[in-house]
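Student: Take this structure first; my questions come after.
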Amino acid sequence: MHLLPLLALGAAVLPTVASAGDPNSYAQPDQVVVTHLDLDLAINFPHRQLDGVATLKLDWKNPAAPALVLDTRDLTIAAVDAVAANGKTQALKYALAPVDKTLGAKLTIATPTHPASVRITYRTSPEASGLQWLPPEQTADKRAPFMFSQSESIHARSWVPLQDSPAIRFTYDAHVTAPKNLRVVMSAANAANHPLDGDFRFAQPHPIPSYLLAIAAGDLAVAETGPRSAVYAEPSMVAKAAHEFADTETIIKTAEKLYGPYPWGSYDILVLPPSFPYGGMENPNMTFATPTIIVGDKSLVSVISHELAHSWSGNLVTSASWRDIWLNEGFTTYVQGRITEAVYGKRQADEEALLSARALEKKIGTLTENQQKLAPDPKGLSGDDALSDVAYDKGSWFLRTLEAKFGRPAFDAYLKGYFQHFAWHSITTEQMLAYLKPNLIEKYPGKLSWAEVQDWVYGTGIPKDATLPDSPRFDAIDQERTAFLAGTLPAAKLDAKGWNTQEWMYFLDRLPDVPTLAQAQALDAAWHLTGTPNAEIGMRWYIHAIAAGDQAVWPAAAEHMTHIGRLYLTMPLYRTLVKTPDGFAYAESVYAKAKAGYHPLTQHAIEALFAKARAKAAK
Ligand code: BES
Ligand code: ZN
């Protein structure tokens, strides 16, 4: 559906050397694995830091292992102790290696006695890549400070020292202190009636990979949305959010009907400030969501269907490394479509599938061959390869094609069996394929050849057998757009009164990259797109109007960019502006004002873009 910088931020460059296991982690799971985390955190707003004690329970795999190797980034380590099974502690020698820009600093702890647990006392940096600290002015209600984490892909290591690889799963318990009257939530069961006494406890009894470790704290109110669901948001937002997400229980039930009981107990949604860098993040028990999906008409609730779907595809069955991320995101985008179809209708689901397929068709030819593969060759992986329209849109397109070839009943039974078979495990593409072959492809011969499957997974481009849904409404919009661009249909005569969000997105997506100024002005005069409260429509409108040279939209575009830190909605505006000298200067002035409110990830993405544009201008 769109570009997500998977390993964005300094982390943008994957090591080019393929190593055994996960190249994005220093962990050595063949030596020892963490099975449980006991976390004690004090949230320190004045210093923008977490004071932490992390106790890692260890399962030693190699009796001769000399050390426990952990991932860290910008952590200050105060002490490391062994904790024996009887509770006795003993200081351990440790060394923090020089910082690697991508991976952070490797922490090597000498462990001659193979203790049952190791305890690390540390604090985070105010610049921790996985945390954002907001002063009260940057929140909706402006009454209290706010902080939140975003650990995926490799940012958990910036707030907890651990084995930061999706191949390793652990349970956790946490004790968190915070200023009184604030609420702390985590990626674990949360109690709506918890007293706001500054002292919180959490338990995640299911083994999770480190990228699903999450925390947030702020002035949070709670509204129930169902028997096992609630929405958490700032007080002024909570009623609107509860209205937008009123279908949460229906969404959960729909997924359960397809893939079996929801395995995590409760399912809550946390609405973050608009600086949240993603649309949604599937933290277990508590999806973190951008407020940009709260538009009043439920038209962007697919993000919630998507994050809930990760409860099976991703959180229950996890990709073992970031190279296999399509197992998380492609499968989830497919399940998202199934939920959308059942809850919001086939027209909505087909439109969303078509939007993503058409966007991929446009994009895929601009990618390197390795980037075009669902399962890229890890040897040739470089930073930019980690961009993942392919994981989402080609991945889900592959599964929709499987569904079309094998029929819904057979494919539904297959996928349910797949989730059951690999439940609570982290797997590679090759493990997925080894299960697919006997359980679907060979079970129903003659539907799809193994060579075709291999082409989908390891081939470039979009295979010819890819199936697409019909959308008469999109076809009609194509005709209107063509007539408008040809000058035979004036903007005001477009039949757009009844267009829903996705139909506007489709119309705008398929305008020429650089419309004429007259076309842009006519569209805006007729449909008042500038200033739209719907940021999906706004993003698409502003990039076209800016490219057309319509400087009248700049102030509204600046407002959008300043207010919204979600990468996918804001980066395209910066990217369009930097293409001209005047636009670049304007983008720099917008950024200067907006920067303090942006998440570290967004700051890094924009600064990298500016550096690239400057280098290009200097050539
Ligand atoms: N897990 C992703 C978000 C993510 C991916 C964060 C990679 C960091 C690295 C989440 O489930 C997601 O896909 N979010 C999308 C939602 C959309 C596709 C419906 C988003 O944020 O836009
Ligand atoms: Zn996702």
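The values are calculated or read from the model by the stated rules, or taken from the named source; none is laboratory data. On a predicted model such as this, the values are computed, not experimentally measured, just so you know. So basically every Cβ, Gly included, is an ideal-geometry build from the backbone, and we count neighbours across all protein chains shown.
Student: How many residues are away from ligand 1 (no atom under 16 Å from the Cβ) and either in contact (Cβ under 8 Å) with a residue 60 or more places away in the chain or within 14 Å of Asn283 (Cα to Cα) (or both) if we restrict to the range 183-201?
Tutor: Of the residues in the range 183-201, 6 are away from ligand 1 (no atom under 16 Å from the Cβ) and either in contact (Cβ under 8 Å) with a residue 60 or more places away in the chain or within 14 Å of Asn283 (Cα to Cα) (or both).
Student: Hey, among Ser299, Ser311, which residue is modelled with pLDDT of 95 or more, farther than 20 Å from Ala221 by Cα and within 12 Å of ligand 1 (Cβ to nearest atom)?
Tutor: Answer to the selection: Ser311.
Student: Considering only the range 318-334, state which residues are within 14 Å of ligand 2 (Cβ to nearest atom) and over 16 Å from the mean Cα position of the chain (by Cα).
Tutor: none
Student: Would you check if Thr72 is in the same structural domain as Asp164 (by TED's automatic domain parsing) and in contact with a helix residue (DSSP H, G or I) (Cβ under 7 Å, 6 or more places away or on another chain)?
Tutor: The answer is yes for Thr72.
Student: List every residue pair whose Cβ atoms lie under 6 Å apart, where the two residues are 6 or more positions apart in sequence or sit on different chains, the first residue falls within the range 332-353 and is under 18 Å from Glu244 (Cα atoms) and of a type in the set (D, E, K, R), and the second residue, located anywhere, is part of a helix (DSSP H, G or I) and away from ligand 2 (no atom under 14 Å from the Cβ).
Tutor: Short answer, once both residue conditions are applied: Glu341/Ala349.
Student: Output the residues belonging to the range 270-306 that are β-branched (Val, Ile, Thr) and closer than 19 Å to Thr333 by Cβ.
Tutor: Within the range 270-306, Thr287, Thr290, Thr292, Ile293, Val301, Val303, Ile304 qualify.
Student: Moving on. Just give me the residues in the range 100-125 being out of contact with any strand residue (DSSP E or B) (no Cβ under 6 Å at 6 or more places or on another chain) and not charged (D, E, K, R), in sequence order.
Tutor: Listed by number, the residues that qualify are Thr102, Leu103, Pro112, Thr113, Ala116, Ser125.
Student: In the range 29-47, which residue that is assigned to a strand (DSSP E or B), more than 25 Å from the chain's Cα centre (by Cα) and among the hydrophobic types (A, V, I, L, M, F, W, C) is nearest to Ala65 (Cα to Cα)?
Tutor: Once the filter is applied, the top-ranked residue is Val32.
Student: Would you list the helices (runs of 4 or more DSSP H) that sit entirely within the range 217-316 and hold 1 or more residues that are of a type in the set (Phe, Trp, Tyr), in contact (Cβ under 8 Å) with a residue 24 or more places away in the chain and more than 15 Å from ligand 2 (Cβ to nearest atom)?
Tutor: Ranges flagged: 248-259.
Student: Quick one: in the range 64-87, which of the residues that are at pLDDT below 95 and on the phi < 0 side of the Ramachandran plot is surrounded by the most Cβ atoms within 10 Å (Cβ to Cβ)?
Tutor: By that ranking, first place goes to Ala84.
Student: Collect the residues in the range 219-245 that are more than 19 Å from Ala191 (Cα to Cα) and small (Gly, Ala, Ser), keeping them in residue-number order.
Tutor: Ser236
Student: Shifting gears a bit: State whether the residues of the range 134-154 include one that is farther than 20 Å from Asp38 by Cα, within 19 Å of the chain's Cα centre (by Cα) and not in a loop (DSSP other than H, G, I, E, B).
Tutor: yes
Student: Restricting attention to the range 224-239, does a residue exist that is in contact with a Ser or Thr (Cβ under 7 Å, 6 or more places away or on another chain), closer than 24 Å to His155 by Cβ, crowded, with 24+ Cβ neighbours inside 10 Å and not assigned by TED's automatic domain parsing to the domain that holds Leu162?
Tutor: No, the range 224-239 has no match at all.
For (1) farther than 25 Å from Glu559 by Cβ; (2) assigned by TED's automatic domain parsing to the domain that holds Glu341; (3) more than 10 Å from ligand 1 (Cβ to nearest atom), each residue gets a yes or a no:
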| position | (1), (2), (3) |
| --- | --- |
| Pro263 | yes, no, yes |
| Asn283 | yes, no, no |
| Met286 | yes, no, yes |
| Ile294 | no, no, yes |
| Val303 | no, no, no |
